[in-house]
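To start, the structure under review is shown below, and the notes come after it.
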Amino acid sequence: MHYLAATLHILGATLTDKAEATLATRPRHHLNPGDDHVSDRGAVTMEMVIWAVAIIGIVGIVVAAITNYVTSKAGSIR
């Protein structure tokens, strides 16, 4: 169980680092020379992907916990 949590934590940290590096190297296009507007196209999609991965990880942890509980209780049934 701890291996799964550690793996998901490392995966999340790796994805966060890669996303930050990608966003840092992305060229910023200004519509007007005096405009400080930064284009954030794709940021919402990236956020949705990160949330989806987090939810899948949480569901995986819950399923593993329930499976472990049911397996341990099934062993006590005659």
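Give me the pairs: first residue in region 43-68 and farther than 18 Å from K18 by Cβ and touching a residue at least 12 places away in the same chain (Cβ under 8 Å), second residue surrounded by 12 or more Cβ atoms within 10 Å (Cβ to Cβ) and not hydroxyl-bearing (S, T, Y), beta-carbon distance under 9 Å, and six or more apart or on different chains, which are they?
Hits for this filter: G60/L4; G60/L8; I61/L4; I61/A5; I61/L8; A64/L4.
Please go through region 43-77 and give me each residue that is of a type in the set (G, A, S) and more than 23 Å from the chain's Cα centre (by Cα), ordered by number.
Correct list: S72, A74, G75, S76.
Condition check ((1) among the aliphatic types (A, V, I, L, M); (2) touching a helix residue (DSSP H, G or I) at 6+ places or on another chain (Cβ under 9 Å); (3) modelled with pLDDT under 90; (4) at positive phi) across all residues:
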residue: A13; (1), (2), (3), (4): yes, no, yes, no
residue: A19; (1), (2), (3), (4): yes, yes, yes, no
residue: T25; (1), (2), (3), (4): no, no, yes, no
residue: S39; (1), (2), (3), (4): no, no, yes, no
residue: I61; (1), (2), (3), (4): yes, yes, no, no
residue: Y69; (1), (2), (3), (4): no, no, no, no
residue: S72; (1), (2), (3), (4): no, no, no, no
residue: R78; (1), (2), (3), (4): no, no, yes, no
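The values are calculated or read from the model by the stated rules, or taken from the named source; none is laboratory data. Computed from a predicted model, the values in this text were never measured in an experiment. Neighbour counts are summed over all protein chains in view; Cβ atoms, including those assigned to glycine, are modelled from backbone coordinates with ideal geometry.
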